[in-house]
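Single-structure report; data block below.
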């Protein structure tokens, strides 16, 4: 068997890692929690001891959250304004609450996905020891 038959991507499939990250679980084992508190990434997995301290999610989850929320809520607010004609205060209140709720839901999940992608692609130190 040649070395080219075994690729680093083969032992770390991207899709299962991203799904585990979406659930905020360890991308390696799927059992341990990746996050504690709201957005704080654990230093390592409590189940399999996979190290997470070197992740580099930074502002990526916030940018993705803004991108998704704006693309979902923008057309909805335009449609509601034209089709339903609510009072401005009702429209602003409803969509403010909707944007905040959707943002709070997506932010930790997208952070989990980004850390899982880094783990699967062996980025930022995730491939150094394994």
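Any read-out appearing in this document is the output of simple, stated calculations on the displayed coordinates, not a laboratory observation. The structure displayed is predicted, hence computed values, not measured ones. When we count neighbours, we look across all protein chains shown, and the Cβ atoms used for this are built from the backbone with ideal geometry, even at glycine.
Based only on Cα atoms, what mean projected area does the convex hull of the chain have, in nm²?
The number I arrive at for the chain is 10.2 nm².
For residue 71 and residue 123, what does the FRET efficiency come to when R0 = 30 Å and r is the distance between their Cβ atoms, rounded to the nearest 0.05? Once rounded, the FRET efficiency stands at 0.70. Rounded to the nearest 10 degrees, the angle from helix 88-120 to the longest Cα principal axis of the chain is 10 degrees. By how many degrees, 0 to 90 and rounded to 10, does the Cα axis of helix 60-79 deviate from the longest principal axis of the chain? Taking Cα atoms only, the helix is inclined about 30 degrees. Centre-to-centre separation between the Cα atoms of the stretch 59-130 and those of the stretch 11-31: 20 Å.
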